[in-house]
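For reference, the structure is listed below as structure tokens.
What follows is calculated from the coordinates using simple rules that are stated; it is not laboratory data. If you're wondering where the values come from, they're calculated on a predicted model, not measured in any experiment. Neighbour counts run over all protein chains shown; Cβ positions are idealised from the backbone, glycine included.
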Amino acid sequence: MKFLANAGFDLGRMLIQALGIVVIVFLLARVVPGDVVDLKAIEGDLSASQQQEMRTELGLDQPLIVQFGQWSWRALHGDFGDSIRFGRPVGGMVRTALPVTLVFAGLSFVLALVLAIGIAVGAVMTGSRVLRSLVEIVNIWSIALPTFCIGVVGILIFSVWLHWLPVVGSMLLPILIIGIDGAGQIVKPLYEELREAATSTHVRTAHAKGLSPWRITVRHLLPTAVPVALALSGLVLAGLIAGTLTMEVLFGLPGLGSLMLNAIQGRDYPVIQAAILVTAIGLVVVNALTDLLHRMIDPRLSR
Amino acid sequence: MTLVMPARTDGKARTRFSVRAFLPAAILVFMVAVALAAPWIAPFDPLDQDLLALNQPPGPEHWLGTDHIGRDVFSRLVMGARTTLLVGLGGAFAAFVFGAGFGLVALSLGRVSEAILFGAIDLVRAMPGVLLALLLIVALGEGVGPVTIALGISFAPFFAYVARAIYHREAAKDYVTAAQLFGGDPLHVLRVHLAPNLIGGLVTQAAILLPRCIVTESVLSFLGLGSSPDAPTWGRMVAEASRYIELAPHAILAPVLAIVLLTLSLSFFGDNVRRTLDPLREEAGS
Amino acid sequence: MTIAGPRLSRRMFMASTAAVGFSGLLPHVSFAAEPARGGVLRYATLGLDTADPHRHTGSIAVQQIYAEALTSIAADGSVEPFLAESFDISPDGKTYTFHLRDGVTFHNGDVMVADDVVANIERVKSKVTGGWLASAVKLVDTVSAPDARTVVLSMHEPYAPLANLMSELWIISPKSEGWNETIKTPLGTGPFKFGEWQPKVKLVAPAHTTYWRKGMPYLTAVEADLRDDVDKGLALRAGDLDIAYIKPDIAKQLATDPNFKVSPLKDAAWFFVAFNNRKPRKPFDDPRVRQALSYAIDKNAFMKFAAAGGGVVTNQMVLPGNLYFDQATHDADAHTKANLDKAQALLKEAGVDPAKETIEFVSWQETYPQVIVQMVRKLGFKVNHVALDDIGAQKRLGQYDWDMNCMSSGPRADIFLRYVRLMSDGPNPVLWGGIQDPDLDKLIKAAVAEPALDKRKALYLAAWQRVMEKYYVVVLGLSANQIAMRKVVQGYEPGFTWSPNWGSGGVAQTWLAD
């Protein structure tokens, strides 16, 4: 009962956070100098009076409270309005971009988990020096090598020199890069947890009984590894958002990240707000899930 | 999220200290020295364009070649060390001031304000870092100043959390209760004992954050924001050279390697500092 | 004055490739081989801002795939017939009569008639706020359709640029969805239809089977890549694109590669240095100081860098070969070579010590302005180079608290669109320092109202002489934007502006040879 209450309380707190993020971004985006009319003015040689007309047409000259109120009201009903830059419904733009980011983030995350668990379990199970070094190497890789640097070098090697991959649009390389980066963030703590678990009495007993290493792994290590990895991966997931943004820009993937970046550069407020709302909700969901998992693994942490 | 992760402390940790700790520290000292001595080491003016020698590979005249606008890569790398370290340190320092400052103020004002103000800090932390920095820079403008402020704000939460963790840990200790019983001012006691503990935690945090600041600045430069064209940072060099990656791979490899070397050294260094200061301490989640 | 039928224009002016000089509308262009049918062309130049063609501002490079206009621009900048097969201008320059082509259909199958054209003109007049076209159309007093194939425009005053500007008044079916507000799906007359649009990602345009040019288009569809962060040159070479807009240095590389063809737009982007003309600050209000700064610039070195050797150094806003280019003025350019001694002498004469002055230098975040900054520094001035993004630069320039800039501006359908930015009440004059010179305005207005080409040319030239004398703006040179295409692309020729579909070459006539 207390468990549920705590979970509910946290969810509420996170929803308020999501709302806070939306408000902050709403305000920040408008503090940013220039608006979409300025952009159109540059391209189309608009005169001052024409710019003023455009602003009124787009509703940009109304007080901020009014603008926010109108937008939130419509958003609550699922209507994100039209892009003030392109005239297209924002909902459609987000709906096309979201799956790309979800697939990208999802696959990278899965890869990160598989790699981390694989390397960590392997290292503990076999005790091989190669695998133990791999733990260190992957860990250092994610700390020291910025993903965009790797991305740039990767394009150079695989697209320009080797012609193995198309220059834009292919998700293979970015998924690999973000996956390895994510794996590096959790592989070392995971390895240490597992090593601790491996020295526990259950495992030693099983070993003494003569059970094969494989069975020990599957019955004792993996069940520990997976939840721990999932709990740790909360960090990875949160970092995925920033990571995917740069990768989307670099590799030309039409996901939520590039949508947001383009919208910021184009001062396309409705798109920025819708994208950030979706992102914030996503973050909330992710955080809630990982906290839940975390609590299930370690009841000591329930407040 | 706080995970209790006991580190492996056996006798070996002590002896490894001298070798493993020395190298990263030496590299860092070397880099700082290069940054300080840059104006005297750099053979060319980093802004000087030799329009007849674009994208030249490394040679006797230009040790690391030239970039797409004819500037000497080595000179830019060496001068860039200054700006890069400045932005990194500046950002981390700004984060410290904003974070620890804001955090400690919140803490000393009582539990209610602590809850509210840390709620705000949670909010900043919940925002995707690059996104926040992006919006701030577009709002504040280009250049070393705005980038430093943007980095400071984005990373402030980390310092705030560390400050809060240490504060609460100390505040629960006996000497504070004792001071209270004896009628002494608990705040004074906290300040006296808090400071040294804080420094330790914050230095560790800074070592973690410094590479992140530098990488974030690089990403921002890459996305078209960040430092101005006249003040090269390594990140900016990567951004500009990425368009000429085929013609002049040296122009992008040099700053990439420099960034990698810096972040590697810093993280090893930070690791060692953490181990020396308190090997059994709980790691503040970050 | 009647302009009808195929117009012959012969001038070649870009060094890189020979521009095929025939214009006029020939229903069939003869090829060396029979055009193959089918295939999807992947095309990447600029972006698409809106699905409503009348509302599109700025450089337009995608819309022409599905939307066409009454006229189009020939290779030398003159007007050629397109949806109108001929047009007449009355001697007083106030009445335009367009004779529409037969058998033009919209994408929904309807035949285009004069009433449709009238509806389009009315729409631009009443519904569209910004853009060059809107201002022009506001000068139209009445527009009428005496019969199904004739449209008559009656102007308030003579307006020479109209015929050229009509090349961007797209004729869309009034039955298009969103006609009364913002068009969501435009039904144009172009060789391809408006298919699926993902903003900033791509546009898919399937072929229009009843296109007015019989037998065309040859392709099944065109896929326009709208992403602007992507390295188009790289993608082209990797085979991911068929036609792409590439930077001058990449163009230089590809020009020698037998797998690619490189061809320029027929109008060019021009690079210039402008001074703060609205609120000039001392000592940069002194023409001698401006002259000195101009003498510090080595235009050849600059253009070699900015255009990777493919540009033209000149002192005018148009390329040699253009209708409005004047050879004599070009030959009399005093600033083709840098002359630091003369510059120093001028500064001395003006009593200015460069070491004591800081120039506030604004530009976009490109590399070419840095070349100018360095040249100016050689004169001894301190330069504070502020490089901003589009909006930032716009705002900063509008504050008029700067001294010098270095910027560029792209191709335009008519030269008036360049002059209008130099006028006191012109749209968005900040890039050129916000000139407010009543004498200059008079000259430009006179040129606009002059129906006869040679008199108009002289008036424009007089206006330009004044700009040069006062050192409002110093032209560095012109560089045509380069389009590269894979060897298999046949029948495509870039137009005067960014248009991919014009009289003598474009996507309608394009086919893939594999």
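Can you tell me the FRET efficiency between residue C:399 and residue C:348 if r is taken as the Cβ-Cβ distance and R0 is 22 Å, rounded to the nearest 0.05?
Working: r = 31 Å, r/R0 = 1.43.
That gives a FRET efficiency of 0.10.
In 20 Å bins starting at zero, report the fraction of Cα pairs in the protein assembly as shown per bin as a rounded %.
Whole-percent P(r) values from 0 Å outward: 11, 38, 33, 14, 3, 0.
Roughly how crowded by other chains is peptide A:148-159, in terms of the mean Cβ count from those chains within 10 Å of each of its Cβ atoms?
Mean inter-chain Cβ contacts per residue within 10 Å come to 5.
Over the Cα atoms, compute the radius of gyration (one decimal) and Dmax (the largest Cα-Cα distance, rounded to a whole number) for chain C, in Å.
Values for chain C (Cα only, Rg and Dmax): 23.3, 72 Å.
Run the quick spin-label model on residue C:449 and residue C:144: label points 7 Å from Cα toward the beta carbon, then report their separation in nm to one decimal.
2.5
If the reach is capped at under 26 angstrom between alpha carbons, list the lysines near residue C:455, excluding any in the same chain fewer than eight residues apart.
The reachable lysines, counting only those whose Cα sits under 26 Å from residue C:455, are C:94, C:138, C:266, C:442, C:445, C:470.
Going out from 0 in 10 Å bins, what whole percent of all Cα-Cα distances in the range B:63-277 drops into each bin?
Here the calculated profile for the range B:63-277 is 8, 30, 29, 18, 10, 4, 1, 0.
Quickly work out the residue C:122-to-residue C:356 label distance, labels modelled 7 Å from Cα along the C-beta direction, and quote it in nm with one decimal.
Label at residue C:356, label at residue C:122, 6.7 nm between them.
Report, as a whole number in µm² per second, the diffusion coefficient that Stokes-Einstein gives for the range C:212-287 at 4 °C and 1.567 mPa s using the Kirkwood radius over alpha carbon pairs. It would help to have the intermediate numbers written out before the result.
Values: Rh = 16.8 Å.
Stokes-Einstein gives a translational diffusion coefficient of 77 µm²/s.
I want to verify a result. In a Gaussian network model of chain A, Cα cutoff 10 Å, which of these has the top mean-square fluctuation: A:220, A:77, A:207?
Result: A:77 has the largest fluctuation of those listed.
Plugging the Kirkwood radius over Cα pairs into Stokes-Einstein for the range C:94-238, at a temperature of 20 °C and a viscosity of 1.002 mPa s, what D comes out in µm²/s?
Working: Rh = 17.1 Å.
After rounding, the answer is 125 µm²/s.
Pick from A:129, A:13, A:267: which residue has the top mean-square fluctuation in a GNM of chain A where Cα pairs under 10 Å get a spring?
Evaluated over chain A, the most mobile residue of the options is A:129.
Take every residue in peptide A:27-38, count the Cβ atoms of other chains within 10 Å of its Cβ, and give the average of those counts.
Working: counts 1, 8, 3, 1, 5, 9, 11, 8, 1, 1, 2, 7.
For peptide A:27-38, the averaged partner shielding equals 5.
Given H placed 1.01 Å from N in the peptide plane, which residues other than close sequence neighbours of residue C:476 have an amide H under 5 Å from its amide H?
Those qualifying (amide H under 5 Å, at least 5 residues apart or on another chain) are C:271, C:272, C:273.
If I take R0 = 35 Å and measure r between the Cβ atoms of residue C:462 and residue C:378 in this structure, what FRET efficiency does the formula 1/(1 + (r/R0)^6) give, to the nearest 0.05?
Working: r = 34 Å, r/R0 = 0.98.
Calculated value: 0.55.
In peptide C:223-232, what is the residue-averaged number of other protein chain Cβ atoms found within 10 Å of each Cβ? Intermediate values should be presented prior to the final figure.
Details: counts 0, 0, 3, 1, 8, 3, 12, 7, 11, 2.
Rounded to a whole number, the mean comes out at 5.
Can you list the residues of the range C:208-225 with backbone N under 12 Å from a point 7 Å past the Cα of residue C:37, pointing along Cα to Cβ?
Answer for the range C:208-225: C:209-210, C:215-220.
Cα centroids of the range C:305-338 and the range B:196-273: how far apart, whole angstrom?
The range C:305-338 and the range B:196-273 have Cα centres separated by 44 Å.
If you take all C-alpha pairs in chain A, what percent of them are over 35 Å apart?
Numbers: 16250 of 45753 pairs.
Here the long-distance tail beyond 35 Å is 36 percent of all Cα pairs in chain A.
Based on the inverse mean of 1/r over its pairs of different Cα atoms, what is the Kirkwood hydrodynamic radius of the range B:65-178, in Å? Walk me through the numbers on the way to the answer.
On the way: mean 1/r = 0.0620 Å⁻¹.
Result for the range B:65-178, one decimal place: 16.1 Å.
What list of ³J(HN,Hα) values in whole Hz, one per residue of the range C:372-380 in order, does the Karplus curve 6.51 cos²θ - 1.76 cosθ + 1.60 (θ = phi - 60°) give from phi, with Gly and Pro shown as x?
After applying 6.51 cos²θ - 1.76 cosθ + 1.60, I find 5, 4, 5, 5, 5, 4, 4, 6, x Hz.
For the range C:267-480, take N as its residue count and report Rg(C-alpha) divided by 2.2 N^0.38 Å. It would help to have the intermediate numbers written out before the result.
Details: Rg = 16.4 Å, N = 214, 2.2 N^0.38 = 16.9 Å.
Scaled against compact globular proteins, the figure is 0.97.
According to a simple spin-label model (label point 7 Å from Cα along Cα-to-Cβ), what is the distance in nm between residue A:208 and residue A:56?
8.8
Using a Förster distance of 22 angstrom, determine the FRET efficiency expected from the C-beta separation of residue C:332 and residue C:300, and round it to 0.05. Intermediate results must be reported in sequence, preceding the final value.
Working: r = 17 Å, r/R0 = 0.77.
So the FRET efficiency works out to roughly 0.80.
Please report, in whole Å³, the volume per residue of the convex hull around the C-alpha atoms of the range C:244-337.
Working: hull volume 12.8 nm³, N = 94.
Per-residue hull volume (Cα only) is 136 Å³.
Normalised radius of gyration for the range C:355-437, please: alpha carbon Rg relative to 2.2 N^0.38 Å, two decimal places. Let's see the in-between values first.
On the way: Rg = 13.8 Å, N = 83, 2.2 N^0.38 = 11.8 Å.
Cα Rg divided by the expected 2.2 N^0.38 Å: 1.17.
Which of the three applies to the range C:61-173, rounded, prolate or oblate, going by the alpha-carbon gyration tensor with a ≥ b ≥ c and a/c under 1.5 meaning rounded?
Details: a/c = 1.27, a/b = 1.22, b/c = 1.04.
Rounded is the answer for the range C:61-173, as its axis ratio a/c remains below 1.5.
Just the Cα atoms of the range C:172-327: what Rg and Dmax do they give in Å?
22.3, 64
Given H placed 1.01 Å from N in the peptide plane, which residues other than close sequence neighbours of residue C:194 have an amide H under 5 Å from its amide H?
C:188
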